[in-house]
Amino acid sequence: MKKQILTTSIASLLLSTLAFNCFSQGAPKNTYKPDGYKIITIETPKDVRFHVTGIDTDKSGGVYVTTRLGDVWLYKNEQWKIFAEGLHEPTGLLIDEDSILIAHKPELTRLTDNDKDGIADQYDNFASGWDFHDNYHEFTFGPVKDKNGNFYGTLNLSHNNPGAFSLGAMGSAGGYRGFAFKVTPKGDFTPYAWGLRSPAGIGASPEGLIFFTDNQGDWVPTSKLHLLEQGKFYGHPVSLIDVEGYTRDKLKEMPIEAFAAMSEKPVVWIPHIEVANSPGNPEWDTTKGKFGPFSGQIFIGDQTQSNLFRVLLDKVNGKYQGAVINFMNKFQSGNIRTKFDSQGQLWVGQTARGWGAQGGKPFGLQKVVWDGTNPFELLDIKLTTTGFRLTFTEVLAKNSVIKKSLNAQEWNYHYSGNYGSPKKNLTSLKLNNIKLSTDGKSIDIDMPLTANKVVQIDFTGLRDIKGRAVSVDKVYYTLNELLKSH
């Protein structure tokens, strides 16, 4: 029997808008776009507030999206058809064999089209082991799936909920707010990890590892990307009221240093405004070259900056860390969802409601396509025992590989209950030596290294053998650990 689910109230929409308009920041001054890439805008259904908050693609070229106002649509052969409706502010969608899983505020709902007429006729509660207190900020993100068929999602903390426990801007009234969760293929719910704030993006790597992003705010100095692991604490203390051994009174008495010592380090810090304010889901380029030279890397959209950026993973001493670098900006609205299709196109679902976005439109759907032109950009960065190796997509001009073509600086962030953190201990770094590789595509840079810093490297003066400059000339490496010498 079809389950009836309440749609999001108008009051909820207005509250969210009022609460988050203040978070919008100034636009980047420049436009950046790698050679060979362009943005294509998809016409969305007429007279529909098409705030795309979940997206997935099927093998036949169909694109399923869910909108924040409660609908699910199918886009195929340049035509739109509504698949389901009446959901409660959904923020995630996953095609799961012959059905679709939707993450919305009260539950994960499985939608099934039994009679194959292109419209869901069965709505089943797949999992709902958390509490929803009818707070506008209690979003549910996900689901994503691991190699064993388990599903994962994340639960936002509340905002301005009078019954919530708060140690800053966000709070929890219990029921696993600020948690990540796991659901078995049979629908059994398990709280999985905690300490999350506003974890608006979750993704599964090709190896089945789960990663998530969290947005800057109280207890989150700047936005970040984490590897999700069972039983770990990710920094925001209020969710601990649902963890054995903690009470509200105990948490109020605990020093900041205790929370800091418990917290997992992010894989990457994402510099505020320079790269992102409100990052969405991590999406791996599994197109095997159909999207250009960045195969295997992570692409993430940002809702405020209306851009895309890349994450370059580096495994150091058996642990993930790495770098972020901008990829492309000037999208029409806020980029909250990304998904590659089988053709190598990157679909970008968009909404600007509440937080605001640099793109001038309130919502939309676009895709990024590659025409085969090889861009000149930073391809990768890896830590060495004496500095970093930067690899580019094209052969570098030898006369540009000089010290004055590059500069570097480092800083760290301050962990506290304050809303975000400025850069602390900002210091310029001396570049001791620069060496060009035999193939001409990589440079080794020797510089002083200090653990637990973010290192920014600017390579403005580098050129390829065609005389081209890169479109993005700054990379930010999160140096959690130094490479151990063998």
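Dipole of the chain, Cα-centred, from +1 at each Lys and Arg C-beta and -1 at each Asp and Glu C-beta, to the nearest 20 debye?
On the way: 53 positive and 51 negative charges, 319 e Å.
Dipole magnitude for the chain comes out near 1540 debye.
On average over all directions, what projected area in square nanometres does segment 122-261 have, based on the convex hull of its Cα atoms?
That works out to 8.9 nm².
Between ASN425 and ILE82, what is the FRET efficiency for a Förster distance of 56 Å, r being their Cβ-Cβ separation, to the nearest 0.05? Display every interim value, and only then the final one.
On the way: r = 53 Å, r/R0 = 0.95.
Between ASN425 and ILE82 the formula returns 0.55.
By how many degrees, 0 to 90 and rounded to 10, does the Cα axis of helix 10-20 deviate from the longest principal axis of the chain?
20
Show which aspartates and glutamates lie in cross-link reach of LYS424 when reach means a straight Cα distance below 13 angstrom and same-chain residues fewer than eight apart are skipped.
In chain and number order, the partners are GLU410.
Taking R0 as 56 Å, what's the FRET efficiency between VAL316 and ASP98 from their Cβ-Cβ distance, rounded to 0.05? Provide the component values of the computation, followed by the final result.
Working: r = 42 Å, r/R0 = 0.74.
Calculated transfer efficiency: 0.85.
Given only helices, namely DSSP H runs of n ≥ 4 each adding -39500 (n - 2.57), what is the per-residue ellipticity at 222 nm of the chain, to the nearest 500 deg cm²/dmol?
Helix-only estimate at 222 nm: -1500 deg cm²/dmol.
Please give me the summed charge of the neighbours of GLY208: other residues whose Cβ is under 14 Å from its Cβ, Lys and Arg +1, Asp and Glu -1. Show your work: numbers first, answer last.
On the way: positive: LYS145, LYS147, LYS182; negative: ASP146, GLU207, GLU229.
In short, 0.
For every other residue with a beta carbon closer than 11 angstrom to the beta carbon of LYS315, add +1 if it is Lys or Arg and -1 if Asp or Glu, then tell me the sum.
Values: positive: LYS319, LYS382; negative: ASP314, GLU481.
Every neighbour counted, the sum reads 0.
First select every other residue whose beta carbon is under 13 angstrom from the beta carbon of ASP446; then total the charges, Lys and Arg +1, Asp and Glu -1.
Summing Lys and Arg as +1 and Asp and Glu as -1 gives +3.
Just check segment 184-260 against the gyration tensor rule for me: Cα atoms, a ≥ b ≥ c as the square roots of the eigenvalues, rounded for a/c under 1.5, and otherwise prolate or oblate depending on whether a/b exceeds b/c.
Numbers: a/c = 2.55, a/b = 1.39, b/c = 1.83.
Note, shape of segment 184-260 comes out oblate.
Using only the Cα atoms of segment 378-479, build the gyration tensor, take square roots of its eigenvalues as a ≥ b ≥ c, and label the shape rounded, prolate or oblate: rounded if a/c is under 1.5, else prolate if a/b is larger than b/c, else oblate.
Prolate, because a/c is 1.5 or more and a/b exceeds b/c.
Could you state the per residue volume, in Å³, of the convex hull enclosing the Cα atoms of segment 276-344?
On the way: hull volume 6.5 nm³, N = 69.
Once divided by residue count, the hull of segment 276-344 is 95 Å³.
Each label point is 7 Å from the Cα along the Cα-to-Cβ direction; what then is the distance between the points at TYR246 and SER128, in nm?
2.7
Given (1) 1.06; (2) 1.41; (3) 0.96 as candidate values of Cα Rg over 2.2 N^0.38 Å, which corresponds to the one derived from the coordinates?
After the calculation, the listed value that fits is (3).
Quote to one decimal, in nm, the extra length available between ASN160 and LYS484 on full extension: 0.36 nm per residue of separation minus the C-alpha distance between them.
Extending this stretch completely gives an extra 112.0 nm.
Throughout, read-outs are computed from the coordinates displayed, never taken from laboratory work. Note that the structure is a prediction, hence the values are computed from the model and not measured. Ideal geometry is used to build each Cβ from the backbone, glycine not excepted, and the neighbour counts take in all protein chains shown.
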